[in-house]
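S.K.: Have a look at this one before I ask anything.
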Amino acid sequence: MKNTHWGLPYAAVLAEPTTAAQQPPHPSPPPPPQAKRRDQLNKALAEPSLYDDVLSYLNRNGFGVPVAVLDRDFSVPYEPRKAVEKVWRDIYADQNGDLELQELRETLADIAEGSSTWKYLHLMATRRTFGDRPAYFGTEGVAWLVPTMDKIPFPELWSARGFIGDPPAACPHMH
């Protein structure tokens with residue numbers, strides 16, 4: 001992507017897909033070149049995401065990813081599943097396991113962290129620029145962005161981390 005301003009949101013959609021209905025509203029028809037970009041986003045929203053590709057890879061390599069996850073309707077938002085969390089838990093538990101899988105999980109964590117950082121910076125730039133006023137094309141701006149902050153790409157990768165090692169001891173400073 002040549003245009004970083006456009007490339008980052010597009011990359012976010014590939015990593016953390018939403019539905020077309022979850023995208024902010026734009027005028028109909030959108031002005032060029034937004035119409036072309038909107039078409040690109042809608043096409044990407046109907047295709048497998050990076051996470052879908054990773055889960056397919058894990059399944060091909062012997063991890064039990066449910067068929068319902070692999071054969072899902074990609075235009076519908078991904079819903080986390082305990083069976084997928086179990087796959088990640090197994091990968092984390094095997095400390096002497098496949099180095100490629102360890103690198104994959106950490107790369108995904110880096111991507112998710114970068115995506116979350118970008119969303120936060122975008123939210124703060126929107127707050128700084130518009131406050132609570134409507135943003136471009138009359139969208140709600142801040143009100144639309146705030147709920148997206150809780151959504152982190154690759155959800156089971158993160159929930160599986162809660163099962164790594166022993167639970168932390170009680171804080172010695174707490175009485």
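S.K.: Between a first residue in the stretch 139-160 that is farther than 21 Å from Leu123 by Cα and a second residue that is of a type in the set (Lys, Arg) and part of a loop (DSSP other than H, G, I, E, B), which pairs have beta carbons less than 9 Å apart while being 6 or more apart in sequence or on different chains?
M.R.: Glu156/Arg81
S.K.: Please list, ordered by residue number, the helices (runs of 4 or more DSSP H) wholly in the stretch 36-129 having 3 or more residues that are aliphatic (A, V, I, L, M) and under 19 Å from Ala160 (Cα atoms). So that I can check it myself, show each step before the final result.
M.R.: Details: elements: 50-60, 67-70, 82-93.
Those helices (runs of 4 or more DSSP H) span 50-60, 82-93.
S.K.: Same structure again: Being small (Gly, Ala, Ser) and outside any helix (DSSP H, G or I) is the filter here, so list the residues in the stretch 130-145 that pass it. Please lay out each step first, then the result.
M.R.: Let us first name the residues in the stretch 130-145 that are small (Gly, Ala, Ser), namely 131, 135, 138, 141, 143.
Once the filter is applied, which keeps residues that are small (Gly, Ala, Ser) and outside any helix (DSSP H, G or I), the stretch 130-145 yields Gly131, Ala135, Gly141.
S.K.: Another question, if that's okay. Return the pair list, or none, for Cβ contacts closer than 7 Å from residues in the stretch 111-123 that are closer than 10 Å to Val146 by Cα to residues that are modelled with pLDDT of 95 or more, at least 6 apart or on different chains.
M.R.: Matching pairs, first to second residue: none at all.
S.K.: Taking the stretch 146-172, which residues are in a helix (DSSP H, G or I), out of contact with any Lys or Arg (no Cβ under 8 Å at 6 or more places or on another chain) and among the β-branched types (Val, Ile, Thr)?
M.R.: Of the residues in the stretch 146-172, the ones in a helix (DSSP H, G or I) are 146-150, 155-163.
The next check asks that each one be out of contact with any Lys or Arg (no Cβ under 8 Å at 6 or more places or on another chain); those that pass are 146-147, 150, 155, 158-159, 161-162.
Correct list: Val146 only.
Per-residue answers, yes or no, for (1) among the hydroxyl-bearing types (Ser, Thr, Tyr); (2) touching a Pro at 6+ places or on another chain (Cβ under 6 Å):
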site: Thr107; (1), (2): yes, no
site: Ala112; (1), (2): no, yes
site: Pro147; (1), (2): no, no
site: Pro155; (1), (2): no, yes
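S.K.: Report whether or not Arg72 is modelled with pLDDT of 60 or more and loosely packed, with under 14 Cβ neighbours inside 10 Å.
M.R.: Details: modelled with pLDDT of 60 or more: yes; loosely packed, with under 14 Cβ neighbours inside 10 Å: no.
Criteria not met by Arg72.
S.K.: Another question, then. So if I check each of Thr107, Thr148, Thr126, Thr139, which one is modelled with pLDDT under 85, surrounded by 11 or more Cβ atoms within 10 Å (Cβ to Cβ) and either out of contact with any Cys (no Cβ under 9 Å at 6 or more places or on another chain) or over 30 Å from Tyr57 (Cα atoms) (or both)?
M.R.: Details: Thr107 fails: modelled with pLDDT under 85; Thr148 fails: modelled with pLDDT under 85; Thr126 fails: modelled with pLDDT under 85.
Among Thr107, Thr148, Thr126, Thr139, only Thr139 is modelled with pLDDT under 85, surrounded by 11 or more Cβ atoms within 10 Å (Cβ to Cβ) and either out of contact with any Cys (no Cβ under 9 Å at 6 or more places or on another chain) or over 30 Å from Tyr57 (Cα atoms) (or both).
The values are calculated or read from the model by the stated rules, or taken from the named source; none is laboratory data. Keep in mind that what you see is a predicted model, and the values were worked out from it rather than measured. With ideal geometry, Cβ positions are generated from the backbone for all residues, glycine too; neighbour counts draw on all protein chains shown.
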